[in-house]
Each structure stands twice: as structure tokens, then as C-alpha cells.
Amino acid sequence: MIDQNTPSSITPNQAAFRMLASFLATLLLSGILIFGGAGRLDWTLGWIFVIAWIVPKLVFLILLRWLDPDLLVERATRHKNTQPYDRIIPPLYFVFAFGTFIVASLDGGRFRWSGDVSVVWVIAAYVIYLLGNSLAGWAINSNPFFSAESRLQTERGQKVASTGPYRFIRHPAYSAAFLLWITTGLMLESWWAVIPGFLAGLMMVIRTVLEDRMLHNELPGYAGYAQQVRYRLIPGIW
């Protein structure tokens, strides 16, 4: 991504290329961590996981380029009015996320610290993972201001998103992220990897609290929306 003030500084095709390059670089690093930790390339579950991990991202990129190129540009651009906490939380999030891959590959792919994880748990983890991706996709489709950064998009005339999953919770994408990371370890037959996965999800919970406070203070209409939709991440609970 590049450092610009406004989304108009790059074209949708340039944005798509930059996001694709970012996805592929992340995929390469993840593959090195997963198969390096396992100490082998013939780990079938590792390959299944890599495919399940990258395919939704590629589908997301294609659909975003087709359906909402302005949002694609927004997500591919780094802005100067990002909230200060975004300098801390995302880096920690990625540390725990990649830590999840390392622990899972060492456990499920090499040393088998968790023993034989039931196939029922593995399948359940993949089902939850797919549901989490579906929830994230629903949130993106329902919110034309779905930025990768925590900021107020004044140059795009940001408004409150209140349709789709936003009718039930205020931050559905963060709910999806939490689901994805607490199940990643089990997708690779590792109970121990649930710990760093939980910590990665916890970073999104913390970001939810801070971002929700920012939106209350800065986004017109958000306080009224929050009175109607009371829950941040979990309907009926919080």
C-alpha cells in the first residue's frame, strides 16, 4: 500500500494490483511459516489450510474490483488521519496471527503436542471458518466505507452503515475475525495454537472498543445508531 491523502490518487486497477501483491506476499510468508514449522512439504492438512485461507481473499479482491472499485482504492491506500492506536494494535495482531501459524505447524505438522485431534473438531473448525468469512463478506457488501484503517473517511462522506449484519451488531467484521482466529489452530490439528489465535482475536476486540469510541465522537448519527443496535460483537451479550 502507499501513503496518500485521498483515494483518488491511484486507480482501481493499481489498487487491485497492490492488494494482490500484498496477498501473495502474505501467502508466501504464511507458507514458509506453516511448512517450515512442519518441517516438510507433504503435509496434506497444511495445503488444505493454505487453499482455504487464500481463496476467500482472492474472491474478495475480484468482487471488490467488480462491485465497488472506490472501496478497493480506499482499502489499498494508507492515510494520514488513521487513529494513533492503529500504530500498535495491527502490528500486535499480525505477531499473534503469524504466531498461530508457527505454533500450529510445529504442533499439528511435526511434534503432535495436541495428540490426535478428532476429525470432528477439524471439520467444525473449517465450518466456523467459512461462516466467519461469509460474515465478513456480508459486512463488506453492506458497508461502502469498510476501510482497512480505523479512521473517519471525511473525503468520502462517510455515513453510518446500518444494513445487513449491521442491523444486529455494530462491528460484524471484527466478530468474523475473532471466529477465524480462534478456529485456525484446530484447522491445523493444534489445540495449543488456539492460544495465540485467541490473542489475535483479542486485538480485534480491543480495536472494536477504541474504534467504537471514535465513531461515537466523530461520525454523525453513530450515537443514535448505537442506541438502536446495542451490541458491538455478540448479539444479546456485548
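The values are calculated or read from the model by the stated rules, or taken from the named source; none is laboratory data. Values in this document were obtained by computation on a predicted structure and should not be read as measured data. Positions of Cβ are backbone-derived with ideal geometry, glycine not excepted, and every protein chain shown enters the neighbour counts.
Once region 86-118 is narrowed to residues that are aromatic (F, W, Y) and either in a helix (DSSP H, G or I) or within 19 Å of the chain's Cα centre (by Cα) (or both), the residue that is farthest from L27 (Cα to Cα) is F111.
Residues checked against (1) at pLDDT 95 or above; (2) farther than 22 Å from M203 by Cα:
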site: W53; (1), (2): no, no
site: V59; (1), (2): no, yes
site: L64; (1), (2): no, yes
site: D68; (1), (2): no, yes
site: V73; (1), (2): no, yes
site: F96; (1), (2): yes, no
site: I102; (1), (2): yes, no
site: G108; (1), (2): yes, yes
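Taking region 192-215 as the range and being farther than 17 Å from P84 by Cβ, over 17 Å from the mean Cα position of the chain (by Cα) and assigned to a helix (DSSP H, G or I) as the test, only I195 passes. For region 112-170, the tally of residues that are among the small types (G, A, S) and closer than 30 Å to G39 by Cα stands at 6. Of all residues in region 70-82, those that are more than 11 Å from E155 (Cβ to Cβ) have Cβ atoms under 6 Å from Cβ atoms of residues that are of a type outside the set (A, V, I, L, M, F, W, C) and assigned to a helix (DSSP H, G or I), 6 or more apart or on another chain, in L72/P12; L72/R65; V73/P7; V73/P12; A76/R18. Of all residues in region 137-171, those satisfying the criterion of being in a helix (DSSP H, G or I) and either touching a residue at least 60 places away in the same chain (Cβ under 8 Å) or surrounded by fewer than 19 Cβ atoms within 10 Å (Cβ to Cβ) (or both) are G137, W138, I140, N141, S142, T154, E155, R156, G164, Y166, R167.
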